[in-house]
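Every number here is computed from the coordinates shown, using simple stated rules; none is lab data. Keep in mind the model is a prediction, meaning the values are calculated, not measured. Virtual Cβ from ideal backbone geometry, glycine too; neighbours counted across all protein chains shown.
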Amino acid sequence: MLQNQNHQQLITDLKELVDKTKYQVAAQVNSAMVVLYWKIGQRINEDILGNKRAEYGKEIIFQISQQLTLEFGNSFSEKNIRKMIQFASVFDDFEIVTSAMRQLS
């Protein structure tokens, strides 16, 4: 009987360990994705749009979206690229982004 209880406790402990690690991994992935999306938006703002609403920017954003979507999937749709640009514009200081991520996690 004691051996069965020890076995059950071991299983319970291992399940908790797996669940905790899954949660930590998900939080790290989410943080990494936020950073990625901010960096993409910031890079497009600085390098391509020059932090202005250039008319040619629409075509460039469309082309970027097409190329990234082909290689990496629908997360890089034109709509999402525009959201990344907006995200980097609203939070133009990366320290604000990292501070907010620490508070959320």
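A few points about this structure:
- Calculated FRET efficiency for the pair Arg102/Ile48, C-beta based, R₀ 22 Å, to 0.05: 0.15
- Applying 1/(1 + (r/R0)^6) with r as the Cβ-Cβ distance of Asn74 and Leu10 and R0 = 41 angstrom yields a FRET efficiency of 0.45.
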